[in-house]
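The values are calculated or read from the model by the stated rules, or taken from the named source; none is laboratory data. Note that the structure is predicted; figures quoted are calculated from it, not measured. Cβ coordinates were reconstructed from backbone atoms using ideal geometry, including for glycine residues, and neighbour counts include every protein chain displayed. The protein model used for the area step is the full one, side chains on, heavy atoms only, and it has no ligands, DNA or RNA in it. Shrake-Rupley method; radii C 1.70, N 1.55, O 1.52, S 1.80 Å.
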Amino acid sequence: MNLQEIVDQWQGRPTFAIVDLDAFATNVQVMRRWIVPEAKYCVVVKANAYGLGAIPMAKTALQNGADIVAVATVDEGAQLRRAGISSDILLMGPMGAAEKDLAVGMDMTVVMNDIPFAYGLARSVRENGRTKPLKVHLKVDTGMRRMGVMPEDAVAAARKIMSFPELRLEGLMTHFASADVEDMTSAEKQVAVFDQVVADLEVAGIDIPIKHMCNSAGTVQHQDWHKDMVRSGIATYGVRPAPHIPLPGEPGEMKQCISLHSTVTRVIPLAPGDAVSYGGTWVAPVETRGALVPIGYADGELRSLSNVSHMAIEGQKAPVIGRVCMDQTILRMPASLPSTTRQRVVVFGNGTEEQAGAPTLEELAEIGCTIPHELITSIAPRVPKLYVREGKLVAISDLDGYREYQRS
Ligand SMILES: Cc1ncc(COP(=O)(O)O)c(C=O)c1O
């Protein structure tokens, strides 16, 4: 079966996403080939793998060349451990005091943004009776001004962490603020600051084995910045970090691996002057038809896409008319299509012929003045996600959780 046949045979909620695990596996393999051999490959699966589903994406990534996965919260890491993921899990975001034991008990690799935190973490390691020290990565704020210790404090911070027998300082990291813009001056400055921190640590006799700074934009543009590890999210999901940044591999080898689908549930006759949806922000200029689609902002169809975006009905471009509601959106029915329900809608496609007429994620992000990351992380858990591998539906994720139909 191809993706279209899976779409056609789906009998569940009429709004659903298709996640193409083969495309994702290829993306991971291509990225792995691109990343310098001496660097580890950390796939960022925080925020439920950017909305695609943390468990299947983490498993597929690790089976296809990734070494490590990264999450933002303790819960996200725990979900992966419970699903049987045994690789290192880099926990990048902060945790509450009551979450430390879980993070330690589940052997997460913890990013340290400040030193007072090290005391509590070390205590938790002791109290959990762990015999091996917990791996930690020290984050340095080289210019993003978000998280991490300041560069001038890095040597002292490293020394402090190393003074705890319960902790092992395995990594040193930073994060780019602007590696996805055409002018790379800001990123270059951050690299220089990071390199200086590494040099200062060397002078102090401190060697931290895994130094890493690259997100997708840094990874795909600068192999010379890969150091000992890269952390890639969006590129691995097959979306360019920005329109001017091509993905590695042969053209088209890496593919956007999610598409969002729905169906027409009502055809609405519209007379000239009829105002559509809340607030009546779109008024029919002539006799025409609306097509009701059961997807709304509670599913991830952003309200800001009202009146400015489009979807595809049976391959034909259909503009969004009126305001996006919580659970519904209305499209203008293309004139050539019949007045029947159950016609196929593609909300955003992957750019292939099969999904013609619909915007890709990148196009929709541009229309909505946002980035693809926001669009996919907004897809709600109530939207069933259908995981497809080798032409078969292998797993589903919905409000009942994640279920595999065959081993993956
Ligand atoms: C610390 C950190 N590293 C890496 C990434 C991955 O970024 P990208 O999706 O652009 O590859 C993120 C994502 O926001 C991040 O916060």
So the strands (runs of 3 or more DSSP E) completely within the stretch 323-408 holding 1 or more residues that are under 20 Å from Q256 (Cβ atoms) are 344-348, 385-389, 392-398
Note on the stretch 123-143: residues among the hydroxyl-bearing types (S, T, Y), closer than 19 Å to M106 by Cα and touching a residue at least 12 places away in the same chain (Cβ under 8 Å) are S124
Could you tell me whether V30 is within 15 Å of the ligand (Cβ to nearest atom), outside any helix (DSSP H, G or I) and not hydroxyl-bearing (S, T, Y)?
-> no
Legend entry - Filter result for L134 (in the same structural domain as K40 (by TED's automatic domain parsing), away from the ligand (no atom under 16 Å from the Cβ), at pLDDT 95 or above and closer than 29 Å to D200 by Cα): yes
Considering the stretch 218-232, residues that are within 12 Å of the ligand (Cβ to nearest atom) and surrounded by 21 or more Cβ atoms within 10 Å (Cβ to Cβ), and then whichever is nearest to A23 (Cα to Cα), we arrive at S232
Among the residues of the stretch 320-359, the number that are more than 25 Å from G51 (Cα to Cα) and out of contact with any Pro (no Cβ under 9 Å at 6 or more places or on another chain) is 11
The stretch 49-128: helices (runs of 4 or more DSSP H) wholly inside it with 1 or more residues that are buried (at least 18 other Cβ atoms within 10 Å of the Cβ) and within 16 Å of the ligand (Cβ to nearest atom) are 54-63, 74-82
Reported set for the stretch 187-217 where residues are among the β-branched types (V, I, T), farther than 12 Å from T142 by Cβ and more than 16 Å from the ligand (Cβ to nearest atom) is V203, I206, I208
Checked the stretch 37-48 for anything away from the ligand (no atom under 16 Å from the Cβ) and in contact (Cβ under 8 Å) with a residue 60 or more places away in the chain; matches are E38
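So, in the stretch 239-282, exactly how many residues are basic (K, R) and either within 14 Å of the ligand (Cβ to nearest atom) or assigned to a loop (DSSP other than H, G, I, E, B) (or both)?
Qualifying residue count, the stretch 239-282: 2.
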Out of (1) in contact with a helix residue (DSSP H, G or I) (Cβ under 9 Å, 6 or more places away or on another chain); (2) crowded, with 18+ Cβ neighbours inside 10 Å, the one V308 does not meet is (2)
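Residue under question is V383, and the condition is that it be closer than 18 Å to K255 by Cβ, open to solvent by less than 10 Å² (accessible area, probe 1.4 Å) and out of contact with any helix residue (DSSP H, G or I) (no Cβ under 6 Å at 6 or more places or on another chain); does it hold?
Against the criterion (closer than 18 Å to K255 by Cβ, open to solvent by less than 10 Å² (accessible area, probe 1.4 Å) and out of contact with any helix residue (DSSP H, G or I) (no Cβ under 6 Å at 6 or more places or on another chain)), V383 does not qualify.
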Output for Cβ contacts, cut-off 9 Å, separation at least six or different chains, first residue among the aromatic types (F, W, Y) in the stretch 178-196, second buried (at least 16 other Cβ atoms within 10 Å of the Cβ) and outside any helix (DSSP H, G or I), reads F194/V140; F194/T142; F194/L172; F194/M173; F194/T174; F194/K211; F194/M213; F194/K227
Note: among P359, P372, just one is within 16 Å of the ligand (Cβ to nearest atom) and surrounded by 21 or more Cβ atoms within 10 Å (Cβ to Cβ), namely P372
Test: residue in the stretch 159-181 that is away from the ligand (no atom under 12 Å from the Cβ), not assigned by TED's automatic domain parsing to the domain that holds S124 and not aliphatic (A, V, I, L, M): no
